[in-house]
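Okay, so here's the structure we're looking at.
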Amino acid sequence: MKQITLGSTNITSPKNALGCLPLQRDSKQDAIALIRRAYKTGFSFFDTARLYSDSEEKVGEALHDVRQNVYIATKTMSTDVEGFWKDLNTSLSLLQTDYIDIYQFHNPSFCPKPQDGSGLYEAMCEAKAQGKIKHIGITNHRLSVAIEAVESGLYETLQFPFGYLASQKE
């Protein structure tokens, strides 16, 4: 598989990753088997989120014994600092790991920044300083927020929906 470097991180992985949103519809046994098969066939990057019901639990169970060989990205939709820490600690526990490679704000309505009053970006930086996360990212479906995130230079990755069949305007 073709290798790529993600954003401004030092993470290099195959161009194809396993997005784990659909795993919430699979039994635990089937999801774990699928994740392990993906790993054995060359996948090393796995994307999940707190919002994806039991997806993090399935990823953690499937990959805990090969954690050093894979990259895991997950996300928080929290809009306050207390929720951020709760989500982060829950994710770490369910993923059976002591760090997350890319921790992302999940489709926020605004671009979290230092001193914006939310405290979210500061919490993300504190989690990184503590070694709980390696890289700070953001996902968004709003072009204006995505552009603001890129222009801010604060984020190491941006996950934005893109389709080859989308029009130029989209």
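What to note about this one:
- When restricted to residues that are surrounded by 17 or more Cβ atoms within 10 Å (Cβ to Cβ), modelled with pLDDT of 95 or more and not aliphatic (A, V, I, L, M), region 27-53 contains 7.
- Selection from region 69-85 of residues that are under 17 Å from P14 (Cβ atoms) and over 16 Å from the mean Cα position of the chain (by Cα): N69
- Of the listed requirements (1) closer than 21 Å to Y155 by Cα; (2) within 16 Å of the chain's Cα centre (by Cα); (3) surrounded by fewer than 21 Cβ atoms within 10 Å (Cβ to Cβ); (4) among the hydroxyl-bearing types (S, T, Y), T90 misses just one: (1).
- D65 vs. criteria loosely packed, with under 15 Cβ neighbours inside 10 Å, within 24 Å of R36 (Cα to Cα) and free of Cβ contacts under 8 Å to residues at least 12 places away in the same chain: yes
- Test: residue in region 9-23 that is in a loop (DSSP other than H, G, I, E, B) and at positive phi: no
- Extreme residue, surrounded by the fewest Cβ atoms within 10 Å (Cβ to Cβ), among residues of region 122-164 that are β-branched (V, I, T) and farther than 19 Å from A73 by Cα: I147
- For M124: the one exception among (1) assigned to a loop (DSSP other than H, G, I, E, B); (2) touching a residue at least 24 places away in the same chain (Cβ under 8 Å): (1)
The values are calculated or read from the model by the stated rules, or taken from the named source; none is laboratory data. As the structure is a computational prediction, the values presented were derived from the model and not from experiment. Heads up, the Cβs are rebuilt from the backbone with ideal geometry, glycines too, and the neighbour counts pull from every protein chain shown.
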